[in-house]
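The values are calculated or read from the model by the stated rules, or taken from the named source; none is laboratory data. Since the model is a prediction, treat every value here as computed from it, not as a measurement. Neighbour counts are summed over all protein chains in view; Cβ atoms, including those assigned to glycine, are modelled from backbone coordinates with ideal geometry.
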Amino acid sequence: MSDLALLEATQARFDVAFESIGGDTLSRVRHLTSRFGRLIWFGQAGREPMRLDFFDWVDGDVGAPIEQFHYAPPSRTRDTDGSDLQALVTLVNSGRLHPEVDRIEPWTMTGEVIDALRDRRIRGKAVLTLT
C-alpha cells in the first residue's frame, strides 16, 4: 500500500499539504486537507497532467483551496534572492546543508542536461558552469 493510500485509510485531515506528483494525486491530497488548511502544488514529477473533478468543489466535503507555489521575481526595492542565496551558502559552509550535486557541466551542454533532468537520469542537482 502506498504512503498516500495509508494516509487516506486513516481519514485524517491535515492543515498543510504539499503536492508535486500530479495526475490524480493532487485531488487525493486535497481531500486529506482540512477545509481551512492549505494545499500547495509545486510540480508534476509524475509527468501526468493534474486531474480534478469539478464536483469536488460542490459536494460539501472539500479540502483546502489549491495554491500554486512559484518563484517571484525579486522586488525592485529589495533583493530577496541575494539574502536567500547568502543564507544557503552559509548553511552549506557550516555543514548544516548538504546539497546533492549529481552533474556539473559547462553551460554549452544545457540542452543535454535538460534532457537528462527530464528523463530522470540526474539525481539531485545539475550545475552549469560559465567558462
Select from the stretch 23-46 the residues that are of a type in the set (Lys, Arg) and touching a Gly at 6+ places or on another chain (Cβ under 7 Å) and write down the one among them that is nearest to residue 67 (Cα to Cα). 30
Looking only at residues that are part of a loop (DSSP other than H, G, I, E, B), farther than 23 Å from residue 40 by Cβ and not hydroxyl-bearing (Ser, Thr, Tyr) in the stretch 79-119, which one is modelled with the lowest pLDDT? 79
On the given criteria, is residue 22 small (Gly, Ala, Ser) and at pLDDT 80 or above? no
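To keep it simple, each residue is scored yes or no on (1) in the same structural domain as residue 123 (by TED's automatic domain parsing); (2) of a type in the set (Gly, Ala, Ser); (3) part of a loop (DSSP other than H, G, I, E, B).
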position: 8; (1), (2), (3): no, no, no
position: 12; (1), (2), (3): no, yes, yes
position: 16; (1), (2), (3): no, no, no
position: 37; (1), (2), (3): no, yes, no
